[in-house]
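Have a look at the structure below, then the notes.
Each value in this text was obtained by applying a stated rule to the coordinates, not by laboratory testing. Here the structure is a predicted model, which means the values were calculated and not measured. Please note: Cβ atoms are built from the backbone with ideal geometry, for glycine as well, and neighbour counts cover all protein chains shown.
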Amino acid sequence: MTNLLRSLFTVLMLSGSGLAAADLATATAAMENASNPLMLMRTSRGDIYLELFPQSAPRNVANFIALAEARVPLFDIATTTTVTPHYYDGLTFHRILRSYLVQAGAPRAPNAPVPEYLVEDEINARQFGLHEQKVLDPFGKPHPWLNLADNADFQREILVPLYRVMGISSPEAVEARQFEIHDALKAMTLRQAYENQGYRYNERLVSREPLRGSVAMTGTAANTNAAEFFITLTDAPWLAGKATIIGRVVEGMEIVDRIDQSAVLRGDTTAATPTTATMIFDLRQVNALSAPVN
């Protein structure tokens with residue numbers, strides 16, 4: 001898409017909406033640290049500025065910038081060649097969980113070039129007090145940060161990983177060791193529960209709370225970050241310890257809200273609805289001086 005067409009589209013989206021266009025000067029002024037990387041994400045609904053935190057998640061931030069700025073070779077199945085695209089250009093916010101998050105970074109076609117590697121999580125669980133928060137309260141109710149919907153969730157997220165760690169593999173073993181299981185559950189912290197699921201933590205990092213406007217990498221499980229990311233629309237303490245936060249929106253949060261309000265997609269699908277999906281025109285670093293990300 002040409003710069004002219006992109007500019008015209010942005011004007012059309014903003015006209016009559018009462019929204020002010022995002023501005024580099026005010027975005028820079030709103031940054032926590034002007035030496036952090038500042039990314040401009042131009043979308044079909046307006047501009048969004050992201051401040052990244054290399055001190056919090058150095059490998060994930062470096063990967064995000066490298067993908068955005070065409071520095072990651074990817075294999076193209078269709079042409080059987082290696083290509084180096086501006087990865088996020090032309091992708092959409094394909095997943096919308098209303099009033100919770102908007103997600104982007106999935107390929108638009110099944111065989112489109114994608115990263116074939118995974119980046120480990122970068123999280124300091126101690127900063128969130130996960131080593132002090134118990135999985136169960138005195139009445140046996142699961143901690144709200146676990147965000148469990150029902151007993152099936154509790155079985156899958158807490159009991160099955162615990163059984164695996166304890167070497168329990170049959171109903172008979174569960175019955176034989178029921179008192180040991182009970183004691184383990186009573187003493188278990190959120191950190192231990194997440195570690196049972198495969199998460200590992202680094203207390204040398206300065207992690208960020210998952211607040212409204214946080215930018216985080218999307219993984220299907222522990223240590224499965226690659227290219228997809230999401231922006232939170234609300235404070236989300238249940239993500240603490242499970243999502244690698246790489247940055248925050250410093251200007252353009254009203255555009256993120258419009259993506260949420262106007263895009264009605266089908267659950268977890270990566271097939272965007274053409275009439276409602278928000279496209280990312282391009283994503284680039286816009287400040288000349290930045291902290292090292294390697």
Point-charge dipole on Cβ atoms (K/R +1, D/E -1) for the chain, about Cα centre, debye to 20: 220 debye
Quick check: pseudo-label points 7 Å beyond the Cα along Cα→Cβ at Glu203 and Met166, how many nm apart are they? 2.7 nm
With the crude spin-label approximation of a point 7 Å out along Cα→Cβ, what separation in nm comes out for Tyr100 versus Asp23? 3.7 nm
Want the number for Ala66 to Asp183: 0.36 nm per residue separation, take away the alpha-carbon distance, what's left? 37.5 nm
Which one is right for this structure if Rg/Rh (Cα atoms, Kirkwood Rh) is calculated from it: [x] 1.01; [y] 1.13; [z] 0.94? [x]
Read phi for every residue in region 229-244 and hand back ³J(HN,Hα) as whole Hz from Karplus 6.51 cos²θ - 1.76 cosθ + 1.60, θ = phi - 60°, with x for Gly and Pro. 9, 9, 10, 7, 9, 8, 4, 9, x, 5, 8, 4, x, 10, 10, 7
Calc'd 3J(HN,Hα), region 202-209, phi into Karplus 6.51 cos²θ - 1.76 cosθ + 1.60 (θ = phi - 60°), Hz, glycine/Pro = x, comes to 10, 6, 7, 7, 10, 6, 10, 5
Among chymotrypsin sites (Phe, Trp or Tyr not before Pro) in region 136-186, those in a DSSP loop whose Cβ has at most 14 other Cβ atoms within 10 Å are Phe139
Can you show me the helix-derived [θ] at 222 nm for the chain, built from DSSP H runs with n ≥ 4 at -39,500 (n - 2.57) apiece and divided by the number of residues, rounded to the nearest 500. -6500 deg cm²/dmol
When Lys and Arg each count +1 and Asp and Glu each count -1, what net charge do the other residues less than 14 Å away from Gly167, Cβ to Cβ, add up to? 0
